[in-house]
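What follows is a set of notes on a single structure, which appears directly below.
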There are 2 protein chains.
Amino acid sequence: MEIPYKIYLEENELPRQWYNVRADMKNKPAPLLNPATHQPATLDELSAVFCRELAEQELNEKDAYIDIPQEIIDFYKMYRPSPLVRAYCLEKALGTPAKIYYKFEGNNTSGSHKLNSAIAQAYYAKKQGLKGVTTETGAGQWGTALSMACSYFDLECKVYMVKVSYEQKPFRREVMRTYGANVTPSPSNTTEIGRKILQEFPGTNGSLGCAISEAVETALHTEGYRYVLGSVLNQVLLHQSVIGLESMTACDKYGIKPDVIIGCAGGGSNLGGLISPFMGRKLRGEADYQFIAVEPKSCPSLTRGKYAYDFCDTGKVCPLQKMYTLGSGFMPSPNHAGGLRYHGMSGIVSQLYDDGLMEARAVEQTSVFEAAQQFARIEGILPAPESSHAIRVAIDEAMKCKETGEEKTILFGLTGTGYFDMVAYQKFNDGEMSDYIPTDEEIAKSLADLPQV
Amino acid sequence: MEIPYKIYLEENELPRQWYNVRADMKNKPAPLLNPATHQPATLDELSAVFCRELAEQELNEKDAYIDIPQEIIDFYKMYRPSPLVRAYCLEKALGTPAKIYYKFEGNNTSGSHKLNSAIAQAYYAKKQGLKGVTTETGAGQWGTALSMACSYFDLECKVYMVKVSYEQKPFRREVMRTYGANVTPSPSNTTEIGRKILQEFPGTNGSLGCAISEAVETALHTEGYRYVLGSVLNQVLLHQSVIGLESMTACDKYGIKPDVIIGCAGGGSNLGGLISPFMGRKLRGEADYQFIAVEPKSCPSLTRGKYAYDFCDTGKVCPLQKMYTLGSGFMPSPNHAGGLRYHGMSGIVSQLYDDGLMEARAVEQTSVFEAAQQFARIEGILPAPESSHAIRVAIDEAMKCKETGEEKTILFGLTGTGYFDMVAYQKFNDGEMSDYIPTDEEIAKSLADLPQV
């Protein structure tokens, strides 16, 4: 069958259920621990912070498939199915015998795959009768997605945006405001922890860790509110499985058999979502794939971190999670892929990696932007810096095929567009972008602070 | 047949030919005139400025269909078909019995429909063996589209960007640079006219008229270069007919019969492209439609201008065109819909309007942004300010149906996204946006300078 440039599934081919890869994992991810007692966090404990049904999803290791509520399907229909694209032009430009496909999640106003989970989390909040939700955002993609989702379900949305981003990325902020969100630069005077930090460090630019703490505090102290998070959690990977399910249906329909599946990895939401259903087949012995997680060399949690219990936030208020981590005090150097600057990794991805079911590679920023520019010029899509990590390794793999003559089929996740990342592109265009690799001493130092569990 | 949220045509349903509405027009648009002799511009004269085949297309009134070269079809496949979207959520929110559809052209990195003509113009330039092309850009959408097209065909691209935009919209500029374009703030020292203007008006912010003059001068004085333009011209409307052809195929396939077809109108490229094939049916007596062109009240060429020969540029170097115009010296007030600030209108659209085959409406900026915000929140797409003019009138028409109970089918063109227009959204979000309507005296003054033909 001839493969079109872009495969769009029909509406009736869209997934009606999310896939929960934990059901097929022999070694389950370790449980979240209560930070005070170091005992597994209970449903009731999690429900104080998260919506009840989301807390249930977080703990659910048994059900392989979970129904997607009709209201969420209706929203998905506004921007899904996302296309599975055959990169004919890129293949030709590289002169590779490899076949390259990418699943493109950037064709929505949030600019990324984040909307897949944002709409689910907003739906369950609405269903529970909540008034609103709080969250933090760094680069702003998650905050934008959540603002859109809350606007759709008429929920209030309070976003704590890391101060330096709030000031340097006014456009993202305005998109959130256009969707009716309340955006506060963090640290702020609206929370106890914010006031404390401002007193200790006047003039600070803020950090993701502080913004998380402010968002959690506000959720706990505001009637009818809960806190939501855009990555790392099991529930988020569950919702993001829609990426992999659509990809698999499209591949099966056209007889495409991927050999290598590649995704960028920050907290693991996109990677986990893309690979989950394929990993399920591998776990059940039905097929085999090579999975590659790509992370920045400046924040190499999988390739240089430790698999251990750690705090999810620098404020140390969230449950402890067993994951590949660089230590919650690790401060990644300025790296423009804001979505890949997290010190830890999804528990599911961490366990799969530890079990040897997938590989990881770390790449340098300038080589990532070289790939981004090449891809933009050839395939006509200006990619997000985060997504470009996957492009880098996809091109590398395709060039290996050119050397060996292998006709491998490569599938990678193109998670989003870079329209709000032009400051980083400008640095690259002006030749002012540099690479940064943390020393062993730096990593050892931040790992020394792991909690004793 | 049930209508899906989004209709994507199959690859084999894509248009293989553009439609040239002039072939079906009884009253043809008046010919372009040589500005020196006031005689109809010849093919040779036009070929000095434009690529030969584009000049032929400009003059071709006979052929209803013109083959789309395979190379252009291959590029179209990277971002086309664009979806025809059923606005189920908007209909529900408005409580209207009307059925609303929009053809969405924003799912590509240029962010608008401009790419449809940019790739065609770049192709013919390449085919003619040219080294490069020049153009001007105001808001930057056309410049971005042309940069992408030139990068694809390995052509040089020199963009003169109005200085105030160059400085205030650095992100658009960086997208162009990422695609390898040479972007110069206009007026510049690189041309005679630029130097003259800088001497006369040191510190000027530049204007579109000046940027056109610089781009034309550079094309004429650079070996292997031609000048290209993103709107107004017959050739541009021809290429943009791909929008209307896809829309018509999708409508026919699903039995959708539009009653009202709405597009925003600046130079007329999107409007003309969307309506052309439907207008063809109307001209041939096969069907009837109500067509509505929507323009800003701040630049009302159709609703308050004069149908007369005028200069296309303020520098008065381009051929004269008969069109609805406010006079080439008309200075539209600051209006954020940069793409709708042109003093004139496509000759084809002007003639159709003059023949009573379509209507025009002028709308105020604040009401346009109200519609934009409403649409963004309900349909999940943040629209470009230009496109939002069409949304405004589509919502108005749907609300009329609510009053009368009519179940009209409304189709409008959603030409692009507003991701690079957040400064305008911020003004709206902050309540600092104002309306401006030129006085009769202002318009009479600029119309007094029309050339004597």
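Mind checking which aspartates and glutamates have their C-alpha under 15 Å from B:Lys131, skipping anything on the same chain fewer than 8 residues away?
Qualifying aspartates and glutamates at Cα under 15 Å: B:Asp154, B:Glu156, B:Glu223.
Once you charge only the Cβ atoms, +1 for Lys and Arg and -1 for Asp and Glu, what is the size of the charge dipole of region A:242-314 about its Cα centre, to the nearest 20 debye? It would help to have the intermediate numbers written out before the result.
Values: 8 positive and 8 negative charges, 32 e Å.
I would put it at about 160 debye.
Do the alpha carbons of any pairs in A:Lys26/A:Lys257; A:Lys28/A:Lys163; B:Lys126/B:Lys445; A:Lys127/A:Lys257; A:Lys92/A:Lys257; A:Lys402/B:Lys126 sit beyond 32 Å of each other, and which pairs?
From A:Lys26/A:Lys257; A:Lys28/A:Lys163; B:Lys126/B:Lys445; A:Lys127/A:Lys257; A:Lys92/A:Lys257; A:Lys402/B:Lys126, over 32 Å: A:Lys28/A:Lys163; B:Lys126/B:Lys445; A:Lys127/A:Lys257.
Points 7 angstrom from Cα along the Cβ direction at A:Thr42 and A:Ala64: gap in nanometres?
3.2 nm
Say a label goes 7 Å from Cα toward Cβ at A:Ala444 in every copy; what distances in nm does this one have to the rest, shortest first?
Spelled out, the distances from A:Ala444's label point are 8.6 nm.
With +1 on each Lys and Arg Cβ and -1 on each Asp and Glu Cβ, how big is the dipole of region A:406-453 about its Cα centre, in debye rounded to the nearest 20? Kindly include the intermediate steps, with their values, before the conclusion.
Details: 3 positive and 10 negative charges, 40 e Å.
The calculation lands at about 200 debye.
For a distance above 16 Å, tell me the whole-number percent of Cα pairs in region B:292-383 that qualify.
Of all Cα-Cα distances in region B:292-383, 58 percent exceed 16 Å.
Two decimals is fine: what's Rg over Rh for region A:31-134, C-alpha atoms, Kirkwood radius as Rh?
Numbers: Rg = 19.3 Å, Rh = 17.0 Å.
Rounded to two decimals, Rg/Rh equals 1.13.
Percentage of Cα-Cα pair distances in region B:350-440 greater than 23 Å, rounded to whole percent? Mind showing how you got there, number by number?
Numbers: 1363 of 4095 pairs.
Within region B:350-440, distances greater than 23 Å cover 33 percent of Cα pairs.
For the protein assembly as shown, restrict the atom set to alpha-carbon positions and state the Rg and Dmax in Å.
27.7, 91
Need the per-residue list for region B:158-181: every residue with at least 30 Å² less accessible surface in the complex of protein chains than in the chain by itself, probe 1.4 Å, sorted by number.
B:Phe171, B:Glu174, B:Arg177, B:Thr178, B:Tyr179
Shielding by partners for B:374-384, please: the mean number of other protein chain Cβ atoms within 10 Å of each residue's Cβ.
Average neighbour count from other chains, rounded to a whole number: 5.
Taking all protein chains as present, what is the carbon and sulfur share of the accessible area of chain A, in % to the nearest whole number, probe 1.4 Å? Let's see the in-between values first.
Numbers: 7580 of 15830 Å².
Here carbon and sulfur together make up 48 percent of the probe-accessible area.
Would you mind calculating the gained length between B:Met331 and B:Glu407 on full extension (0.36 nm times residue separation, minus the Cα-Cα distance), in nm to one decimal?
Numbers: separation 76, 0.36 × 76 = 27.36 nm, distance 4.09 nm.
Here the segment from B:Met331 to B:Glu407 would lengthen by 23.3 nm.
Treating the point 7 Å from Cα along Cα-beta-carbon as the label, what are the nm separations from A:Asn12 to the other copies, to one decimal?
Computed spacing set for this position: 2.0 nm.
I want the local charge near A:Lys322. Using Cβ-Cβ distances under 12 Å, sum +1 for each Lys or Arg and -1 for each Asp or Glu among the other residues. The partial results should precede the final answer.
Numbers: positive: A:Lys28, A:Lys306; negative: A:Asp310, A:Asp354.
In short, 0.
Can you tell me, using C-alpha contacts under 8 Å and at least 6 residues apart, the relative contact order of region B:26-143 as a whole percent? Each step should come with its number before you reach the end.
Numbers: 81 pairs, mean separation 22.3, N = 118.
The value is 19 percent.
Picking from B:Ile100, B:Leu90, B:Gln121, whose Cα lies most toward the positive end of the charge dipole for region B:40-123 (charges on Cβ: Lys, Arg +1; Asp, Glu -1)?
Going by the Cα projections, it comes out as B:Leu90.
Between B:Thr439 and A:Glu442, how many nm apart are label points set 7 Å from Cα along the C-beta direction?
Label at B:Thr439, label at A:Glu442, 6.4 nm between them.
With every protein chain left in place and a probe of 1.4 Å, what is the accessible surface of B:Ser207, to the nearest 10 Å²?
Looks like 40 Å² after rounding.
Explain nothing, just the number: relative contact order of chain B, from Cα pairs under 8 Å at least 6 residues apart, as a whole percent. Working shown, then result.
Working: 965 pairs, mean separation 88.1, N = 453.
Relative contact order here is 19 percent.
How big is the antiparallel share of DSSP beta bridges in chain B, given as a percent to the nearest 5?
So the antiparallel bridges in chain B amount to around 35 percent.
Round to the nearest 10 and give me the degree value, 0 to 90, for the angle of helix B:269-283's Cα axis relative to the longest principal axis of chain B.
60 degrees
Tell me the total accessible area that B and A bury against each other, 1.4 angstrom probe, in square angstrom rounded to 100.
On the way: alone 17880 and 17870 Å², together 31660 Å².
Looking at B and A, the buried total is near 4100 Å².
Counting heavy atoms of the protein chains only and a 1.4 Å probe, report the per residue accessible area for the protein assembly as shown as a whole number of Å².
35 Å²
What ranking of B:Lys114, B:Lys257, B:Lys26 comes out by heavy-atom accessible area, probe 1.4 Å, highest first? Before the final figure, lay out each step's value.
Details: B:Lys114 30, B:Lys257 155, B:Lys26 185 Å².
These residues rank, largest area first, as B:Lys26, B:Lys257, B:Lys114.
Copy-to-copy spacing for B:Met399, label 7 Å out on the Cα-to-C-beta vector, in nm, shortest first?
Label point to label point, same position, other copies: 5.7 nm.
If I model a spin label as a point 7 Å beyond the Cα along the Cα-Cβ vector, how far apart are those points for A:Gln199 and B:Lys253 in nm?
Those two pseudo-labels are separated by 6.5 nm.
Can you give me the P(r) profile for chain A? Cα pairs, bins 20 angstrom wide beginning at 0, each as a whole percent.
27, 62, 12, 0
Taking a 1.4 Å probe, which of B:Arg284, A:Arg304 shows the most accessible area, and what order do the others take after it? Working shown, then result.
Details: B:Arg284 100, A:Arg304 75 Å².
Per-residue accessible area, sorted high to low, gives B:Arg284, A:Arg304.
Could you work out the relative contact order of region A:313-453, using alpha carbon pairs under 8 angstrom and six or more residues apart, expressed as a whole percent?
Details: 139 pairs, mean separation 39.4, N = 141.
This gives 28 percent for region A:313-453.
Where nothing but the Cβ of Lys and Arg (+1) and of Asp and Glu (-1) is charged, how large is the charge dipole of chain B around its Cα centre, in debye to the nearest 20? Please list the in-between numbers first.
Details: 45 positive and 55 negative charges, 62 e Å.
So the magnitude is around 300 debye.
The values are calculated or read from the model by the stated rules, or taken from the named source; none is laboratory data. This one's a predicted model, so the numbers in the text were calculated from it and none came from an experiment. Here Cβ is always computed from backbone atoms with ideal geometry, including for glycine, and neighbour counts include all displayed protein chains. Ligands, DNA and RNA are stripped out before the accessible areas are found, and what is left, the full protein with its side chains, is counted by its heavy atoms. Shrake-Rupley method; radii C 1.70, N 1.55, O 1.52, S 1.80 Å.
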